[in-house]
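Notes for the one structure printed next.
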Amino acid sequence: MSTESLRIVWIYPDLLSTYGDRGNVLILARRARQRGMPVEVYEVRSDQRLPTAADIYLIGGGEDGPQALGAQRMLADGGLHRAVAQGSVVFGVCAGYQLLGTSFFAKGARCQGLGLLDLESDRGPSRAVGELAGEIDPRLGIPSLSGFENHGGRTHLGPGVAPLARVTAGVGNDGQTEGAWRGKLLGTYSHGPALARNPALADLLLRWATGAHQLPPLDDTWPDRLRGERRAAVAAARP
Ligand code: GLN
């Protein structure tokens with residue numbers, strides 16, 4: 001594995017970090033370091049320019065106002081588009097997922113998204129709050145998704161993206177599918193720290209970023225216990 005540092009950028013923690021999104025940064029950095037990879041983490045605030053040469057970009061969840069502002073600033077900055085064109089990995093959560101699409105709704109208005117994923121979001125009949133579980137696209141080769149969701153939006157996928165998962169509990173995009181991915185871009189409604197509950201998803205992002213086909217296994221006793229506990233809670237809540 002390369003001894004060059006893995007560069008992780010956390011985009012706009014001042015706007016998009018409502019749901020413990022720092023946890024995703026910590027998990028990625030820790031799992032990389034445990035494999036002997038040096039890691040540099042950059043927290044880029046919304047009044048700063050986005051670096052274009054990082055390996056992984058994380059965009060967290062947020063309320064409507066900060067979401068709309070964050071999208072405007074990312075569009076004006078242009079750095080994320082350049083990074084994606086150069087092959088960087090992007091992981092977006094909830095608001096950070098919606099704004100990767102062509103448009104989304106915030107505060108009653110349709111807002112322009114970054115257009116990096118072929119999807120658009122509107123408002124649902126009610127807020128989706130609670131456990132979210134799904135069977136992940138088998139092509140990604142990772143176990144089922146375990147998460148928590150809290151969003152008013154619903155997301156409609158175009159032909160240019162694949163759903164991340166088929167919903168087995170909760171709402172996700174529309175009650176049927178959850179999240180989306182294309183190339184090395186992936187979005188989910190599963191909140192921060194989604195990667196604490198889904199270590200295989202963290203490792204997928206690390207593999208995309210490094211080009212490694214496999215990573216040395218880690219002791220995932222605790223995340224496995226958490227996943228088991230949440231699975232049991234979902235099953236118990238079923239009518
Ligand atoms: N504001 C968006 C919505 O309600 C995203 C919310 C979030 O990030 N949790 O759909």
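So which residues in the range 46-89 are in contact (Cβ under 8 Å) with a residue 12 or more places away in the chain, among the hydrophobic types (A, V, I, L, M, F, W, C) and away from the ligand (no atom under 16 Å from the Cβ), if there are any at all?
Within the range 46-89, Leu50, Ala53, Ala54, Ile56, Leu75, Leu80, Ala83, Val84, Val89 meet the criteria.
Identify, please: which residue in the range 173-188 is assigned to a loop (DSSP other than H, G, I, E, B) and away from the ligand (no atom under 16 Å from the Cβ) and is, among those, least open to solvent (accessible area, probe 1.4 Å)?
Top of the filtered list is Gly183.
Only one residue in Gly158, Gly170, Gly96, Gly92 is away from the ligand (no atom under 12 Å from the Cβ), in contact (Cβ under 8 Å) with a residue 40 or more places away in the chain and either surrounded by fewer than 21 Cβ atoms within 10 Å (Cβ to Cβ) or under 16 Å from Glu63 (Cβ atoms) (or both), so which one is that?
Gly158
Condition (residue is open to solvent by 10 Å² or more (accessible area, probe 1.4 Å) and within 16 Å of the ligand (Cβ to nearest atom)) applied to the range 29-43: is it met by at least one residue?
no
For the range 134-149, give me the residue count where each residue is open to solvent by less than 10 Å² (accessible area, probe 1.4 Å) and either touching a Gly at 6+ places or on another chain (Cβ under 7 Å) or of a type in the set (Lys, Arg) (or both).
Result for the range 134-149: 3.
So for the range 193-204 (the condition being open to solvent by 20 Å² or more (accessible area, probe 1.4 Å), in contact (Cβ under 8 Å) with a residue 24 or more places away in the chain, closer than 21 Å to Asp220 by Cα and in a strand (DSSP E or B)), does at least one residue qualify?
Scanning the range 193-204 turns up no residue that is open to solvent by 20 Å² or more (accessible area, probe 1.4 Å), in contact (Cβ under 8 Å) with a residue 24 or more places away in the chain, closer than 21 Å to Asp220 by Cα and in a strand (DSSP E or B).
Out of the residues in the range 205-225 that are in contact (Cβ under 8 Å) with a residue 40 or more places away in the chain and farther than 21 Å from Tyr57 by Cα, which is least open to solvent (accessible area, probe 1.4 Å)?
Here the answer is Leu218.
A quick yes/no check of all residues on (1) at negative phi; (2) among the small types (Gly, Ala, Ser):
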site: Pro163; (1), (2): yes, no
site: Gly175; (1), (2): no, yes
site: Ala202; (1), (2): yes, yes
site: Thr210; (1), (2): yes, no
site: Gln214; (1), (2): yes, no
site: Thr221; (1), (2): yes, no
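Step by step: first the residues of the range 145-156, then only those that are small (Gly, Ala, Ser) and either modelled with pLDDT under 95 or closer than 15 Å to Pro193 by Cα (or both), then the one that is farthest from the chain's Cα centre (by Cα). Which residue is that?
Ser146
Among the candidates Leu69, Leu58, Leu50, which residue alone is buried (at least 16 other Cβ atoms within 10 Å of the Cβ) and in a loop (DSSP other than H, G, I, E, B)?
Selected residue: Leu50, the only one of Leu69, Leu58, Leu50 that is buried (at least 16 other Cβ atoms within 10 Å of the Cβ) and in a loop (DSSP other than H, G, I, E, B).
Give me the residue from the range 72-83 that is in contact with a Leu (Cβ under 9 Å, 6 or more places away or on another chain) and over 21 Å from Gly192 (Cβ atoms) and, out of that set, least open to solvent (accessible area, probe 1.4 Å).
So the residue we want is Gly79.
Please enumerate the residues belonging to the range 107-133 that are within 9 Å of the ligand (Cβ to nearest atom), open to solvent by less than 70 Å² (accessible area, probe 1.4 Å) and either at pLDDT 95 or above or over 23 Å from Ala194 (Cβ atoms) (or both).
Within the range 107-133, Ser121, Ala128 qualify.
The values are calculated or read from the model by the stated rules, or taken from the named source; none is laboratory data. These numbers were taken from a predicted model, which means no experiment stands behind them. Cβ atoms come from the backbone with ideal geometry, glycine included; neighbour counts cover every protein chain shown. Calculation scope for accessible area: heavy atoms of the full protein, side chains included, ligands and nucleic acids excluded. Shrake-Rupley method; radii C 1.70, N 1.55, O 1.52, S 1.80 Å.
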